[in-house]
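A short worksheet on the structure shown next.
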């Protein structure tokens, strides 16, 4: 028997063996190649479940610049449910978030059709895009949207002049006490820093994210026209019954995030950037809202976008 014949016989004899090995590898999904992996690592890989995301790992709370924030769900009846928070009971300056209480007092103690003549002092207040002029005559219902939508200081100041600034501030602080806002104090109706009004440094309006959320809850459920106003991206400006311009909201999240249906901004040097937003995350739950509050932020809108992403991913 020559060498070629022996080689051929050897190949034919071993062929079933190699075919078997190949089939075994195919059915086992290549498991033969794991023989060099330590047993404990292999076991961990086999038993490992798909990774689950947590709010902290997906919404990057650590990147939020705000000194204090709060996101909580509210209903007309029942306790608030806190979803996210950081130092939400710390007292901090609130800038034009002040105007939430200015609105509440004006809405409860004035008649909508009451005329107010803008004083020289009111007209000199820091203004927005549509400054009021001395002698302008507007109704309370015309001044309120200017104050809430464009955060107009002159409109807020004009509202106090019906009963006088001191009396109006007394009502603001009495109302805060009545509502249980125990960590809130108002020294002016606009929220400007005290040096802008030649006041002592310690006389600065302050509150907490928690108190602001509770105040907002009262406004939503007891003053339905409030939500109608602060939900507007643009709003017609009337003077003496005639439309003269269009107000533009200072809250850039309105119209950007569908679930954001209202809010109020505020900014001063000492307060930093402040923001309150009202969200309705489930349109089918008509009596349920989510309130977001940010105090002393360097980038309030991006901070709120992050918080929105957190609660949406929960």
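The values are calculated or read from the model by the stated rules, or taken from the named source; none is laboratory data. Computed from a predicted model, the values in this text were never measured in an experiment. Reconstructed Cβ throughout: ideal geometry from the backbone, glycine too, with neighbour counts over all protein chains shown.
For segment 281-309, how many residues meet the condition of being touching a strand residue (DSSP E or B) at 6+ places or on another chain (Cβ under 8 Å) and either at pLDDT 95 or above or in a strand (DSSP E or B) (or both)?
18
Just a yes or no: is a residue in segment 111-131 under 24 Å from residue 263 (Cβ atoms), surrounded by 15 or more Cβ atoms within 10 Å (Cβ to Cβ) and more than 28 Å from the chain's Cα centre (by Cα)?
For segment 111-131, residues under 24 Å from residue 263 (Cβ atoms), surrounded by 15 or more Cβ atoms within 10 Å (Cβ to Cβ) and more than 28 Å from the chain's Cα centre (by Cα): absent.
Looking for something buried (at least 21 other Cβ atoms within 10 Å of the Cβ), in contact with a strand residue (DSSP E or B) (Cβ under 8 Å, 6 or more places away or on another chain) and part of a loop (DSSP other than H, G, I, E, B) - is there at least one such residue anywhere in segment 153-164?
Scanning segment 153-164 turns up no residue that is buried (at least 21 other Cβ atoms within 10 Å of the Cβ), in contact with a strand residue (DSSP E or B) (Cβ under 8 Å, 6 or more places away or on another chain) and part of a loop (DSSP other than H, G, I, E, B).
Quick one: count up the residues across segment 65-82 that are under 12 Å from the mean Cα position of the chain (by Cα) and either surrounded by fewer than 18 Cβ atoms within 10 Å (Cβ to Cβ) or farther than 14 Å from residue 310 by Cβ (or both).
So the count comes out to 1.
Of (1) modelled with pLDDT of 95 or more; (2) crowded, with 19+ Cβ neighbours inside 10 Å; (3) in a strand (DSSP E or B), residue 138 satisfies all except one. Which?
If we test residue 138 against (1) modelled with pLDDT of 95 or more; (2) crowded, with 19+ Cβ neighbours inside 10 Å; (3) in a strand (DSSP E or B), just (1) comes out false.
Considering only residues of segment 173-198 that are in contact with a strand residue (DSSP E or B) (Cβ under 7 Å, 6 or more places away or on another chain) and buried (at least 24 other Cβ atoms within 10 Å of the Cβ), which is farthest from residue 122 (Cα to Cα)?
Looking at the filtered set, the residue picked out is 184.
Just checking, does segment 199-218 include any residue being surrounded by fewer than 17 Cβ atoms within 10 Å (Cβ to Cβ), touching a residue at least 24 places away in the same chain (Cβ under 8 Å), over 20 Å from the mean Cα position of the chain (by Cα) and over 22 Å from residue 301 (Cβ atoms)? Break it down into steps so the answer makes sense when it comes.
We begin by selecting, within segment 199-218, every residue surrounded by fewer than 17 Cβ atoms within 10 Å (Cβ to Cβ); these are 199-203.
From the residues that got through so far, the ones that are touching a residue at least 24 places away in the same chain (Cβ under 8 Å) too are none.
No, segment 199-218 contains no residue that is surrounded by fewer than 17 Cβ atoms within 10 Å (Cβ to Cβ), touching a residue at least 24 places away in the same chain (Cβ under 8 Å), over 20 Å from the mean Cα position of the chain (by Cα) and over 22 Å from residue 301 (Cβ atoms).
Output the residue which, of all residues in segment 260-280 that are in contact with a strand residue (DSSP E or B) (Cβ under 8 Å, 6 or more places away or on another chain) and assigned to a loop (DSSP other than H, G, I, E, B), is farthest from residue 229 (Cα to Cα).
My answer is 270.
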